[in-house]
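As structure tokens, the structure follows; a few thoughts come after it.
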Amino acid sequence: MAGRLENKVAIVTGAGSVAEGWGNGKATAVVFAREGAKVFAVDINMNAAEETAGLIVEEGGVAFPFRADVTKNASVKVMIQACLERFGRIDIMHNNVGGSVPGGPVDMPEDVFDQQIAFNLKSVFLTCKHVIPVMERQGGGAIICVSSLAGIRHTGHYHAAYEAAKAGMMHFTRTLAVEYAPKGIRANSVIPGHVLTPLVEHRLAKQYRGGDLQNLIDERSKGIPMGRMGDAWDVAYAALYLASDEAKNTTGIELCCDGGVSQRCE
């Protein structure tokens, strides 16, 4: 099926990738474009945003790169306005920005906790603050928030601020769903499990396994009922469903793409 997002405009935050390869935001931006959306590709790293937009244009799609810091109110306000000036409307707000820092309340500095909440939760609050009035005027829209398995269960590594922020993001999204359903605005979350992305390859493997990527992949895969880690395309296609009119009666849900990890008891 092609053209599932035809004539729609999508903002994808975190649309770049931290290194070579396919991160969740980059894959989602490309999938949205392949299905007909005009993509406003946002990243704090302009080079990364330009790379993603360039890939879309090379495939014959429509995309525009934009730099924004979604933890800053003024920056988000400018981002929304710039998208409207470029494309005239906003149908999809895909919140993909996030990242974790290990530690708990005893060892984590207060400023790091604040940064984690801003990065993973306040960023969604700010994009919604500015995009919801646009969607209300249009008569509808779709908001998608990329959460994490860490937001619903302990994953074996202690990231207290990240876990709290991702859990908060999901309930924030549920309340949006109920509050704005009468306005035609849907709000849903995607919950990835262990996903093999450039972030895992270039940071987590060094952080936890001294650079031994295969060791990290093998360990994580053992705990997944399907026996393997997911990839960025799994997240992208979950987001595509929630962004499309096929999900016209779907709001307030968490769509897991975790290989069954969330259903394990041990």
Worksheet item: Any idea how far apart Ala181 and Asn249 come out in nm if each label point goes 7 Å out from Cα toward Cβ?
Response: 1.2 nm
Worksheet entry | R0 of 51 Å, Cβ-Cβ distance Glu59-Val106: FRET efficiency to nearest 0.05 | 0.55
Item to complete: Pick out which of His157, His130, His194 has the largest mean-square fluctuation in a Gaussian network model of the chain, springs linking Cα atoms closer than 10 Å.
Response: His157
Discussion item. Calculate the FRET efficiency for Asn47 and Lys222 from the Cβ-Cβ distance with a Förster distance of 45 Å, rounded to the nearest 0.05.
Written reply: 0.80
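Just to confirm a number: summing +1 for Lys and Arg and -1 for Asp and Glu over residues other than Ala239 whose beta-carbon lies under 15 angstrom from that of Ala239, what do you get?
Working: positive: Arg4, Lys8, Lys26, Arg34, Arg186; negative: Glu35, Asp91, Asp231, Asp234, Asp245, Glu246, Glu254, Asp258.
Residues near Ala239 contribute -3 overall.
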Practice prompt. Keeping every protein chain in place, order Cys257, Cys145 by accessible area at 1.4 Å, biggest value first, i.e. largest first.
Written response: Cys257, Cys145
Fill in: Net charge dipole size for the chain [Lys, Arg +1 and Asp, Glu -1 on Cβ; Debye, nearest 20]
600 debye
Worksheet item: Say each of Glu6 and Glu20 gets a label point 7 Å from the Cα, pointing the same way as Cα to Cβ; how far apart are those two points in nm?
Response: 3.8 nm
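Please figure out what share of the DSSP beta bridges in the chain is antiparallel and state it in percent, rounded to the nearest 5.
Taking every DSSP beta bridge within the chain, about 0 percent pair in antiparallel fashion.
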Discussion item. Spelling out what I want: for every residue of the stretch 78-89, take phi, set θ = phi - 60°, compute 6.51 cos²θ - 1.76 cosθ + 1.60 (Karplus), and round to whole Hz; glycine and proline get x.
Written reply: 5, 4, 4, 5, 5, 5, 4, 5, 7, 10, x, 6
Worksheet item: Pairing the Cα long axis of helix 160-180 with the longest principal axis of the chain, what angle in degrees results, from 0 to 90 and rounded to the nearest 10?
Response: 30 degrees
Discussion item. Run the reach check for Lys122 against lysines, Cα to Cα strictly under 30 Å, same-chain hits fewer than 8 apart removed. What comes back?
Written reply: Lys8, Lys26, Lys38, Lys72, Lys77, Lys166, Lys183, Lys206, Lys248
Response to the item:
Distance in nm between Lys77 and His171 label points, each 7 Å along Cα→Cβ, equals 2.9 nm
Worksheet item: If Phe32, Phe87 are ordered by their accessible area, calculated over protein heavy atoms with a 1.4 Å probe, which sequence runs from highest to lowest?
Response: Phe87, Phe32
Practice prompt. Using the charge dipole of the chain (Lys, Arg: +1 at Cβ; Asp, Glu: -1 at Cβ; taken about the Cα centre), state which of Val9, Ala165, Gly230 has its Cα farthest towards the positive end.
Written response: Val9
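If contacts are Cα pairs under 8 angstrom and at least 6 residues apart, what is the relative contact order of the chain in percent?
Computed over the chain, the figure is 20 percent.
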Practice prompt. Set Lys and Arg Cβ to +1 and Asp and Glu Cβ to -1, take the dipole of the stretch 8-75 about its Cα centre, and tell me which of Gly60, Thr28, Ser75 lies farthest positive.
Written response: Ser75
Practice prompt. Could you tell me whether the stretch 46-137 comes out rounded, prolate or oblate from its Cα gyration tensor? Rule is a ≥ b ≥ c as square roots of the eigenvalues, rounded for a/c under 1.5, then prolate if a/b exceeds b/c, otherwise oblate.
Written response: oblate
Worksheet item: So if we plug the beta-carbon distance of Arg86 and Ser262 into 1/(1 + (r/R0)^6) with R0 = 30 Å, what FRET efficiency do we get, rounded to 0.05?
Response: 0.20
Worksheet item: What do you reckon, how do Arg86, Arg137, Arg186, Arg153 stack up by accessible area (1.4 Å probe), largest on top?
Response: Arg137, Arg86, Arg153, Arg186
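The values are calculated or read from the model by the stated rules, or taken from the named source; none is laboratory data. Since the model is a prediction, treat every value here as computed from it, not as a measurement. Virtual Cβ from ideal backbone geometry, glycine too; neighbours counted across all protein chains shown. Heads up: the accessible areas ignore ligands, DNA and RNA and are worked out on the full protein's heavy atoms, side chains in. Shrake-Rupley method; radii C 1.70, N 1.55, O 1.52, S 1.80 Å.
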